Each structure stands twice: as C-alpha cells, then as structure tokens.
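Scroll down for the structure; my scribbles are underneath it.
The values are calculated or read from the model by the stated rules, or taken from the named source; none is laboratory data. Being a predicted model, the structure only gives us computed values, none of them experimental. Positions of Cβ are generated from backbone atoms using ideal geometry, with glycine treated the same way; all protein chains shown enter the neighbour counts. Remember, those area values only see protein heavy atoms, side chains included, never the ligands or the DNA or RNA. Shrake-Rupley method; radii C 1.70, N 1.55, O 1.52, S 1.80 Å.
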Amino acid sequence: MSEITHRELETNGIRMHVAEQGTGPLVVLCHGFPESWYSWRHQLAALSAAGFHAVAPDMRGYGRTDAPAEIEAYTLCHLVGDMVDLVGALGETSAVIAGHDWGAPVAWHAALMRPDVFRAVIGLSVPYRPRGPVRPTTAMPRTDDTVFYQLYFQTPGVAEAELEQDVRATIRRLAYGGSGDAPARETIAMVPRQGGFLQYMTDPETLPPWLTAADVEFYAGELARTGFRGGLNWYRNLRRNWELDAPWRGQPVRQPSLFIAGSRDGVLRFPAAQSQLDAFPKTLPGLRGSHIVEGAGHWVQQERPAEVNKLLIDFLRGL
C-alpha cells in the first residue's frame, strides 16, 4: 500500500499544503476547527486501500497552507474556491468532497455551488443548513451571563489570547471535552461572559484511547507555530457568508450525499440541529444515509475510525 505523501499546490491565489495517499477516483477531505490534515490520518490509508485517491489539505489559515491577514479572506466563497482550484491543481475535473466540523459547511457549499465539480458530498458532525431568513449571529443564544461560543469568537484577539496561552493544554481540553469520553454538560456551547471558551473543559489526567501524546504534540506543534487566528477568522465571516449565500437561498444539495455524526456530539444539541436533520428529505434529496455512531463525540472519524471508514467506503463504492 502507498504511503502518505505531502506537497504544496497553488489554489485560488494561495499556497496549499496537502497530504495524499492512493490512486483512483479523487476524494477531498476538509478538516475543521482547530485542526489539520492530520485529523483524516485514519481515513487516508483506508480510502487508499479501497482504491481511491484521498487528499486532505491543510485548509486556508491552517498548518503549512497560507493564512491571509485579512479577516474577509476567509468567507465560504474563498474556502469553496480553494477546493475547486485544488481539484484542478490535482489534474482532475471532478471529486467527491467530505468535510468535518467547519469543513462540513465547506463541503456542503462546494456541492451546492459547483455541482459540476463535486459529484457527491459527505458531511460529518455538522448537518447541511440552508440559508436562513436572518443573519445567523442575531439568532445565536445569549443570556445575561453567557454567550454562544461563536459570538465569543467574533472579536479579534480575545479567543486567540485564551487558546494560545497554553496550546498543548488547549488541544487536550478541546479533544477530550468534545469527545464521547467526556461527561455530558448542557452548557457546552455557551461561554461565560466573565470567563472563557475553555473554562468548563477538563484537562484530562489520562488521554482518551483514540488520542495519543504524539497526536496532541502534532496538533500543538502546528497551532503553536501558526496561532489560532486563521481558523477563528472563519467564524468572523458568518455575516458575510449569509449575505454572499443569498443567490442559493432555498436550493437543496441534489448530489448523492451522506451524513455521519457521533451520538454524543455537542453539535447535535445545538438549538437548530434537530430541525436541520428533520429537513434532510427536502434539503438533501440525494441523501443515501444518515448515521449516528453510538457513543462517539464530535471527533467522530478519529474516535471511531473503523466504523466511519466503512460508512465512507460503502458510500463511495455505491456511487
């Protein structure tokens, strides 16, 4: 079996680092926040062995990919444009695109905006959400004492200062706190106005079985070098994304699609999540499966790689 290889490509005006393995039909794997191509390490080998060319980029703002300084350079249009250009830079004209966490909206919108390039789509953790009638930040929950974490991320410098204070501890807290191994808590998405995003997240004495010290060191090494600003800038374009998304309001994603999430993923407890899942027959008419992996949390493809790999490969072979 081939090994993972790395290279840099020109995509949409930036240099993009990709990890890739295998030959065959192209599958592009988009990571989320605050992650890396490395989040797909278990999928690259499995997809390669199944006869696919699996490519996991460091997304815009992350790892060894360029991180433009301007906040407005991180809209969904930029991120989808990166993926369209990546397909061409790899010498292909079409691909299946998959995304986890923030990578899922990129994948859903890539399929929505460029059905000529992306012949099928897979979303992990974050359901497809068509454009709503109001700006998303105006609908996010807030109380006298807390705000939704995506609102906390809006002011440049605030979340950076917290997350970069001890990057290794941040990675441990986020990995454990979002996983199926951590105790459930109702306030997972709410940040105390007098506290921070990590305030209620435990730094575990023992790492969960799916995460090694070497894994933590890889993520921490990348984020200590780059900082968190690039990834946080994705959140700072929620209003712009809503405005730019207007031409596609009401449009479903028609290509063959697949959704996977962990049963203990906090995203599924967000206020709109159940209505988004219930709307799949209308918003994803090509849906071929919606799978909830029992006991897994937010990092589903890392926590349950064998189960997720089987679902991915079965879907891809069925195209």
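Could you figure out which of (1) in contact (Cβ under 8 Å) with a residue 40 or more places away in the chain; (2) part of a loop (DSSP other than H, G, I, E, B); (3) over 22 Å from MET59 (Cβ atoms); (4) out of contact with any His (no Cβ under 9 Å at 6 or more places or on another chain) isn't true of THR202? The number of the failed condition is (1). Taken together, the residues in region 172-190 that are open to solvent by 30 Å² or more (accessible area, probe 1.4 Å), at pLDDT below 95 and not acidic (Asp, Glu) amount to 6. Here ALA220 clears all of (1) among the hydrophobic types (A, V, I, L, M, F, W, C); (2) open to solvent by less than 20 Å² (accessible area, probe 1.4 Å); (3) over 23 Å from ASP181 (Cβ atoms) except the condition numbered (3). Scanning region 280-315 for residues that are aliphatic (A, V, I, L, M), open to solvent by 20 Å² or more (accessible area, probe 1.4 Å) and touching a His at 6+ places or on another chain (Cβ under 9 Å) yields a count of 2.
Here are some residues: ARG193, ARG225. Which one is basic (Lys, Arg) and at pLDDT below 95? Going through ARG193, ARG225 in turn, just one is basic (Lys, Arg) and at pLDDT below 95: ARG193.
Is there a residue in region 232-254 that is in contact with a Ser or Thr (Cβ under 6 Å, 6 or more places away or on another chain), at pLDDT 95 or above, open to solvent by 60 Å² or more (accessible area, probe 1.4 Å) and closer than 28 Å to ARG173 by Cα? No, that holds for no residue. Looking only at residues that are modelled with pLDDT of 95 or more and of a type in the set (Gly, Ala, Ser) in region 119-136, which one is nearest to ARG304 (Cα to Cα)? Restricting to residues being modelled with pLDDT of 95 or more and of a type in the set (Gly, Ala, Ser), the top hit is SER125.
Any residue at all in region 302-312 that is closer than 25 Å to PRO34 by Cβ, under 19 Å from the mean Cα position of the chain (by Cα), β-branched (Val, Ile, Thr) and not in a helix (DSSP H, G or I)? Looking for residues that are closer than 25 Å to PRO34 by Cβ, under 19 Å from the mean Cα position of the chain (by Cα), β-branched (Val, Ile, Thr) and not in a helix (DSSP H, G or I), one finds none in region 302-312, hence no. Give just the number: which of (1) closer than 18 Å to ALA182 by Cβ; (2) over 19 Å from the mean Cα position of the chain (by Cα) does GLY297 not satisfy? Among (1) closer than 18 Å to ALA182 by Cβ; (2) over 19 Å from the mean Cα position of the chain (by Cα), GLY297 violates only (2).
Evaluate the following for LEU223: is it under 26 Å from TRP108 (Cβ atoms), aliphatic (A, V, I, L, M), touching a helix residue (DSSP H, G or I) at 6+ places or on another chain (Cβ under 7 Å) and not in a loop (DSSP other than H, G, I, E, B)? Yes: the conditions hold for LEU223. Within region 118-139, restricting attention to residues that are touching a Pro at 6+ places or on another chain (Cβ under 9 Å) and assigned to a loop (DSSP other than H, G, I, E, B), the residue that is least open to solvent (accessible area, probe 1.4 Å) is TYR128. Among the residues of region 255-266, those that are open to solvent by 20 Å² or more (accessible area, probe 1.4 Å) and either hydrophobic (A, V, I, L, M, F, W, C) or under 19 Å from ASP181 (Cα atoms) (or both) comprise SER263, ARG264.
When you look at GLY99, is it touching a residue at least 60 places away in the same chain (Cβ under 8 Å) and within 25 Å of ASP215 (Cβ to Cβ), yes or no?
yes
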